[in-house]
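Since the structure comes first, as structure tokens, the remarks are kept for the end.
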Amino acid sequence: AMNNNYAFAGTSNSIYRSTDNGATWVVVFTPGSSVLSIKIAGNNIYAGVSNKIASSTDNGSNWTILLTSSFTARDVIELNSSLFAATSSGALKSTDNGNTWFISNNGLISTNVTSMISYGQYLLLTSDNVYYSSNSGNNWYTWGSGIVCSDGCIARRLIVVEPYVFIGTVDQSV
């Protein structure tokens, strides 16, 4: 992930930062488990970690644990002043900068959420299929036709390259 002149990378136990386009890297955070995602929203950096969600407001110099739990946090995003997390227990939402979180799974068939992104004013997530929410994660709806993940397929990752959304899967094509 890139933020201004900083690059961030997550590993099995640390977050690294580079200030020279990747020539050198320095550990800035050791959460104690695998870093699964790093997302940047404005001046905020969010990390989805195996068993926690962390954030930094100063380009990674200091980190705050927003939530610790038994779930796996795979993605953390910010949309309309709310935080959202894709976890192994479903979609989580915080409206108070991560101080409190609540489950937001209404409409999901599977709560094993593997990826989440914002696309305009929509939230998109993957689990057993691709879902969207147009009301800040309060309700989830199956997105599109012909996007069926069956026969053991796992929709793993969503990527936006305007105006397209790409869906990465395990054991099937994009």
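See the values below:
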{"read-out": "Test: VAL27 is open to solvent by less than 30 Å² (accessible area, probe 1.4 Å) and aliphatic (A, V, I, L, M)", "value": "no"}
{"read-out": "Pair list, Cβ under 9 Å, 6 or more apart: the stretch 52-68 residue farther than 14 Å from LEU92 by Cβ and touching a residue at least 24 places away in the same chain (Cβ under 8 Å), other residue basic (Lys, Arg) and open to solvent by 40 Å² or more (accessible area, probe 1.4 Å)", "value": "ASN59/ARG17; GLY60/ARG17; SER61/ARG17"}
{"read-out": "Enumeration of residues in the stretch 38-60 that are of a type outside the set (A, V, I, L, M, F, W, C), open to solvent by less than 30 Å² (accessible area, probe 1.4 Å) and touching a Phe, Trp or Tyr at 6+ places or on another chain (Cβ under 8 Å)", "value": "SER55, SER56, GLY60"}
{"read-out": "Strands (runs of 3 or more DSSP E) wholly inside the stretch 31-115 that include at least 2 residues being modelled with pLDDT of 90 or more", "value": "35-41, 44-49, 52-56, 64-68, 82-87, 90-94"}
{"read-out": "Flag if SER34 is open to solvent by less than 10 Å² (accessible area, probe 1.4 Å), of a type in the set (S, T, N, Q), within 30 Å of SER133 (Cβ to Cβ) and touching a residue at least 24 places away in the same chain (Cβ under 8 Å)", "value": "no"}
{"read-out": "Selection from the stretch 1-24 of residues that are open to solvent by 30 Å² or more (accessible area, probe 1.4 Å) and in a strand (DSSP E or B)", "value": "MET2, TYR6, ALA9, GLY10, TYR16, ARG17"}
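The values are calculated or read from the model by the stated rules, or taken from the named source; none is laboratory data. For clarity, every value in this text was computed on a predicted model and none was experimentally measured. Note: ideal-geometry Cβ built from the backbone for every residue, glycine included; neighbour counts use all protein chains shown. Protein only, heavy atoms only, side chains kept; ligands, DNA and RNA dropped before computing areas. Shrake-Rupley method; radii C 1.70, N 1.55, O 1.52, S 1.80 Å.
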